[in-house]
Structures are given as structure tokens and as C-alpha cells.
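For reference, the structure discussed in these notes is given below.
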């Protein structure tokens with residue numbers, strides 16, 4: 001599954017960069033602001049942006065005075081990130097992290113996953129490893145689609161695989177990978193298994209007051 | 001507000017007893033089973049049933065071998081509870097608890113609130129006081145309508161007052177009190193303010209796989 005995800009992102013990297021550069025994803029107006037406000041205004045100074053993609057969040061947090069390290073598995077995205085700004089970037093996959101490959105420049109005050117957790121298996125192991133790279137009061141922030149996604153799309157309210165990760169996004173994407181949509185209960189179980197406590201939760205709504213994303217703040 | 005709630009329950013106590021005795025609330029088939037399974041199968045032996053009403057949960061947990069104390073503010077409900085079984089019952093309001101009146105027979109291994117938290121103000125203080133009546137590894141369980149209620153009823157996804165607590169229930173109820181519907185985020189903030197951590201979360205679904213209730217398990 002991890003391989004399929006990486007293949008799909010390698011295939012769609014340039015299209016993704018175009019979509020992000022054009023600010024074509026309507027909901028990002030709300031979700032970008034939410035994650036930036038939350039982390040930017042937190043006391044964390046040194047931040048790990050896991051799955052940083054073309055680096056917009058790394059750069060934006062950097063512009064707010066944070067020291068940010070971006071990690072991603074996709075070379076084309078990282079090259080683009082390096083062209084666009086001064087940030088510090090490394091190529092690493094979730095598999096690398098799970099297998100215990102050291103995360104450069106650790107420890108961090110915070111680690112953020114912004115719309116980049118798709119897997120069913122391995123989530124708890126990934127979070128557990130990232131937790132080891134945090135300073136004593138460090139936290140993990142996860143922004144993801146709101147679990148109400150399932151109901152909004154007339155699916156049964158249970159964790160399940162969704163076929164095409166690119167479906168509904170504006171852009172000429174192909175070979176979408178599957179992603180695992182989770183209920184609240186399923187997220188909570190994964191956090192517990194990773195030895196993490198849910199300390200804060202923010203539900204992000206759009207102009208129609210519908211929830212579009214959720215941000216979990218986790219620590220030991 | 002607390003006064004309005006108590007007035008409304010005093011007025012509708014007999015009708016409520018009839019509805020419960022007849023098992024007229026369809027969703028209770030799922031929610032009763034969920035709370036009984038969760039608490040009944042937990043290691044907790046001595047349990048406080050806060051807002052016990054006519055005592056079905058107190059009796060059911062008692063039948064599973066637990067020692068249960070039921071608290072309620074409404075005399076007519078408590079009288080009925082005492083007629084129906086052997087449980088131990090005391091009359092106490094949330095205001096009594098918040099003001100520090102000692103909860104009889106403390107400490108407890110668990111305290112449960114099953115569909116009986118309606119207030120906007122005072123929730124954190126109430127939980128904080130109940131927490132003091134728990135044994136060292138004790139927990140608080142709260143079952144309440146799933147926050148998805150707001151979306152199912154075409155309301156904006158934000159915490160808000162809902163007019164009639166009896167609306168939609170089968171029975172000849174009158175003078176319904178208002179109740180405060182909360183988003184997930186709002187529940188989490190109240191728990192944090194009470195010094196409680198969310199340890200477990202269960203989302204209860206019906207036969208159509210729609211969420212109907214949520215159970216929070218909280219402890220220090």
C-alpha cells in the first residue's frame with residue numbers, strides 16, 4: 001500500500017505543484033489557516049513538517065519565525081520545495097521512519113502531519129517513532145478530513161478504504177491511490193496504541209458551517 | 001437553566017417512566033446495550049449512576065454483579081426506581097454536587113452520565129466534583145447524542161441551544177426544557193477544563209450505520 005501511495009504521488013507530483021501554486025483547492029483556504037494559526041501561535045519553535053510535499057507549510061511556518069524541517073518521500077516535490085525557499089528538506093518515507101531510520105535534526109518541539117496520513121496499517125508505529133523525535137513537552141499535530149466525510153458521502157459510518165485519493169480535487173490526476181477513512185473511534189484507538197493522549201481537538205468548518213477537517217493535538 | 005430542567009422533568013416524570021417501561025425509544029436498543037457492555041465488562045465494581053432517572057441502568061448494572069448507587073434530582077423518578085428493585089438511591093441535583101455537597105457512599109470505581117447532560121454552564125465544575133468522588137483509577141463515562149446530530153438536523157456545526165428536549169421522543173411530554181448541543185471540540189474543551197483526559201471513545205451506530213450516540217471514557 002505504501003508503495004502504491006508513493007507511485008501515485010511520483011506520477012502526480014507536477015500536477016500537484018500546479019494545483020497548490022494556483023490555490024485551486026477551495027477548502028485549503030480554511031484548513032491552511034487553521035493549521036498555521038494553531039502551530040504558528042503555539043510555543044513550539046522547532047518543527048518537523050512530515051509529508052511536507054512542495055513545502056508551502058514549511059515555508060509559511062518559517063515566515064512566522066519557526067525553524068522548520070520538511071520531510072517527504074517524493075523527490076520531485078522536494079526539489080520544488082528547495083527552489084521555492086530557504087527551508088531545510090530531507091527525503092524520507094514513512095517506511096524509513098517506522099524502520100527506525102533517525103530523523104535528521106531531532107528533537108523537535110512539534111511534528112505536523114497535514115493531510116498526509118492515508119494508511120490503515122502502520123499508523124501507530126509511525127506516530128510512536130515520530131514521538132521519539134520530540135522534545136519533552138513536544139506535541140504531534142494531525143490535520144485530516146473530518147470523519148463526517150463518510151456520512152457526507154453517504155457511506156456507512158465505519159472505517160473503510162476509499163478508492164481514489166485524487167477524486168474531487170481540481171487537476172489532471174491519474175492512478176489515484178486508495179486511502180483509509182477513519183471514524184473518530186478508529187483515530188482514538190490508533191493514538192492510544194501509539195501511547196499518545198489527545199490533548200486538544202479543533203474542527204474546521206467552511207463558510208456553510210459544515211466541518212471539513214479536524215486537527216488532533218497529541219502528546220504523551 | 002438547571003431550574004427549568006428540573007421543572008420539566010418533574011412535570012414529565014410519569015410519562016417518562018411509561019416510555020422507558022414500554023421500551024418506546026427505538027435508539028435505546030443500541031445505546032442501552034453499548035453503555036451496559038462498556039461499563040458492565042470493565043473492572044469497575046462500585047458505580048455511581050448520575051441522573052439515574054427511574055433506575056433502569058442502576059438495576060441492569062446491579063444484575064451484572066456491580067454495586068450501584070443512583071442519584072437523581074426528581075423525587076417521582078427515584079420513588080419509582082425504589083419500587084422496581086433493590087438499588088441504592090439518593091436525591092441530589094447537579095447544583096448540590098457543584099456546591100460541594102458530599103456524594104454518599106464515595107469513592108466509586110466509575111461514574112456514569114447516560115443521556116443526562118444538558119447544560120451549557122457548569123459542566124466542567126460538575127465533572128470536576130464528580131472526579132473527586134472516584135477511586136484512584138476511577139473513570140467517568142458519558143453517553144450523549146452524537147455531535148453529528150447537528151448536521152442530521154440541518155443545523156450549523158457549532159455548539160448551540162436546542163429548544164425542546166422532548167421533541168421527537170414518543171410520549172405525551174410538555175414544557176420541554178432547552179438543552180445545549182455540543183460539537184466534539186466543545187466536549188473536549190469542557191473535559192480539559194475539568195482536568196480530565198479522554199481515554200476512550202465509542203461511537204454507537206444504528207442498523208443503518210448512522211452514528212446515534214457517543215460514549216466518552218475520561219480519567220485524570
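The values are calculated or read from the model by the stated rules, or taken from the named source; none is laboratory data. Source: prediction; values computed, not measured. FYI the Cβ positions are ideal-geometry reconstructions off the backbone, even for glycines, and counts take in every protein chain you see.
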**OP:** Output the number of the condition that residue B:4 fails; it satisfies all remaining conditions of (1) in contact with a strand residue (DSSP E or B) (Cβ under 7 Å, 6 or more places away or on another chain); (2) in contact (Cβ under 8 Å) with a residue 60 or more places away in the chain.
**Re:** (1)
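Conditions (1) in contact (Cβ under 8 Å) with a residue 60 or more places away in the chain; (2) closer than 22 Å to residue A:200 by Cβ, marked per residue:
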site	(1), (2)
A:10	yes, no
A:30	yes, yes
A:54	no, no
A:59	no, no
A:69	no, no
Subject >> Qualifying positions in the stretch B:198-220 - more than 24 Å from residue B:134 (Cβ to Cβ), at the interface with chain A (Cβ under 8 Å from one of its Cβ atoms) and assigned to a strand (DSSP E or B) >> reply: B:203, B:205, B:211
**OP:** Please enumerate the residues belonging to the stretch B:139-151 that are within 13 Å of another protein chain (Cβ to nearest Cβ), under 18 Å from residue B:114 (Cβ atoms) and touching a helix residue (DSSP H, G or I) at 6+ places or on another chain (Cβ under 8 Å).
**Re:** B:147
**OP:** Answer yes if at least one residue in the stretch A:30-37 is in contact with a helix residue (DSSP H, G or I) (Cβ under 6 Å, 6 or more places away or on another chain), surrounded by fewer than 19 Cβ atoms within 10 Å (Cβ to Cβ) and either assigned to a helix (DSSP H, G or I) or at pLDDT 95 or above (or both), and no otherwise.
**Re:** yes
Subject >> Residue among A:81, A:73 that is free of Cβ contacts under 8 Å to residues at least 60 places away in the same chain and buried (at least 17 other Cβ atoms within 10 Å of the Cβ) >> reply: A:81
**OP:** Answer with yes or no whether residue A:26 is part of a loop (DSSP other than H, G, I, E, B), out of contact with any strand residue (DSSP E or B) (no Cβ under 8 Å at 6 or more places or on another chain) and more than 28 Å from residue A:194 (Cα to Cα).
**Re:** yes
Subject >> Residue among A:14, A:99 that alone is more than 24 Å from residue A:171 (Cβ to Cβ), over 17 Å from the mean Cα position of the chain (by Cα) and surrounded by fewer than 19 Cβ atoms within 10 Å (Cβ to Cβ) >> reply: A:99
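Look through the stretch B:179-192, keep the residues that are away from chain A (no Cβ under 12 Å) and at pLDDT 95 or above, and return whichever of them is surrounded by the most Cβ atoms within 10 Å (Cβ to Cβ).
So the first thing to find is which residues in the stretch B:179-192 are away from chain A (no Cβ under 12 Å), and the list is B:179-181.
The next check asks that each one be at pLDDT 95 or above; those that pass are B:180-181.
On the way: B:180: 16, B:181: 20.
Looking at the filtered set, the residue picked out is B:181.
Kindly indicate which of B:168, B:195, B:176 is touching a helix residue (DSSP H, G or I) at 6+ places or on another chain (Cβ under 8 Å), at pLDDT below 95 and away from chain A (no Cβ under 11 Å).
Details: B:168 fails: touching a helix residue (DSSP H, G or I) at 6+ places or on another chain (Cβ under 8 Å); B:195 fails: at pLDDT below 95.
None of the other options fit; the residue is B:176.
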**OP:** For residues that are within 19 Å of residue B:212 (Cβ to Cβ) and surrounded by 14 or more Cβ atoms within 10 Å (Cβ to Cβ), tally how many sit in the stretch B:17-26.
**Re:** 3
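Can you name the residue in the stretch A:152-165 that is within 12 Å of chain B (Cβ to nearest Cβ) and at pLDDT below 95 and, of all such residues, is nearest to residue A:116 (Cα to Cα)?
Our first condition is that a residue be within 12 Å of chain B (Cβ to nearest Cβ); within the stretch A:152-165, this holds for A:152, A:154-160.
Add one more test, that the residue is at pLDDT below 95, and what stays is A:152, A:154.
Numbers: A:152: 21, A:154: 23 Å.
Among residues in the stretch A:152-165 that are within 12 Å of chain B (Cβ to nearest Cβ) and at pLDDT below 95, the one nearest to residue A:116 (Cα to Cα) is A:152.
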